[in-house]
Amino acid sequence: MSKPEAPRRLADNEAQVIVSNLRISPRKLNLVAAMIRNLPAGRAVATLTFSKRRIAHQVKKALESAIANAENNHSLDVDRLVVARAEVGRSIVMRRFHARGRGRASRVEKWFSHLKIVVAERAQDDAGTEGGAA
């Protein structure tokens, strides 16, 4: 006998992707996530494509996965998708030691992060207003 199916935590017009253990500190990842929050999905992909940050490529792959989830799993319209939430969380911290002079050591911390991107389909009447605003 298996567990009962859990109810869906997202709204019917939302799809998400979760990426665990990205090798970047949460503070740096949050700068990239802030660039795409509340943007239309197409513009967010373009922003990440031309970003100079190293992690932007992995965030772009996650965003494209969320868009694919919305289209294939939830039958949402790709042209009306908006990045509703881009959440960054702490993961593990690998601690290493760096040898210093006179027999001492200092600690090196290698931070990891979690990333959660939720895309939502906006209403039909809001679709026309976004194109005119620049």
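The values are calculated or read from the model by the stated rules, or taken from the named source; none is laboratory data. The model shown is predicted, which means the values in this text are computed figures rather than measured ones. Using ideal geometry, Cβ is built from the backbone for each residue, glycine included, and neighbour counts are taken over all protein chains shown.
Just to be sure, is Ser91 under 23 Å from Asn21 (Cα atoms), modelled with pLDDT of 95 or more and of a type in the set (Ser, Thr, Tyr)? Before the answer, list the steps.
On the way: under 23 Å from Asn21 (Cα atoms): yes; modelled with pLDDT of 95 or more: yes; of a type in the set (Ser, Thr, Tyr): yes.
The answer is yes for Ser91.
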With the condition kept exactly as written, say whether any residue in the range 61-74 is of a type in the set (Lys, Arg), assigned to a helix (DSSP H, G or I) and surrounded by 15 or more Cβ atoms within 10 Å (Cβ to Cβ). no
In this structure, does Gly101 turn out to be surrounded by fewer than 16 Cβ atoms within 10 Å (Cβ to Cβ) and either under 15 Å from Lys116 (Cα atoms) or touching a residue at least 40 places away in the same chain (Cβ under 8 Å) (or both)? no
Exactly one of (1) of a type outside the set (Phe, Trp, Tyr); (2) on the phi > 0 side of the Ramachandran plot; (3) surrounded by 18 or more Cβ atoms within 10 Å (Cβ to Cβ) is unmet by Asn38. Its number? (3)
Evaluation of Val19 against (1) surrounded by fewer than 19 Cβ atoms within 10 Å (Cβ to Cβ); (2) of a type outside the set (Asp, Glu); (3) part of a helix (DSSP H, G or I); (4) in contact (Cβ under 8 Å) with a residue 60 or more places away in the chain (one fails), failing number: (3)
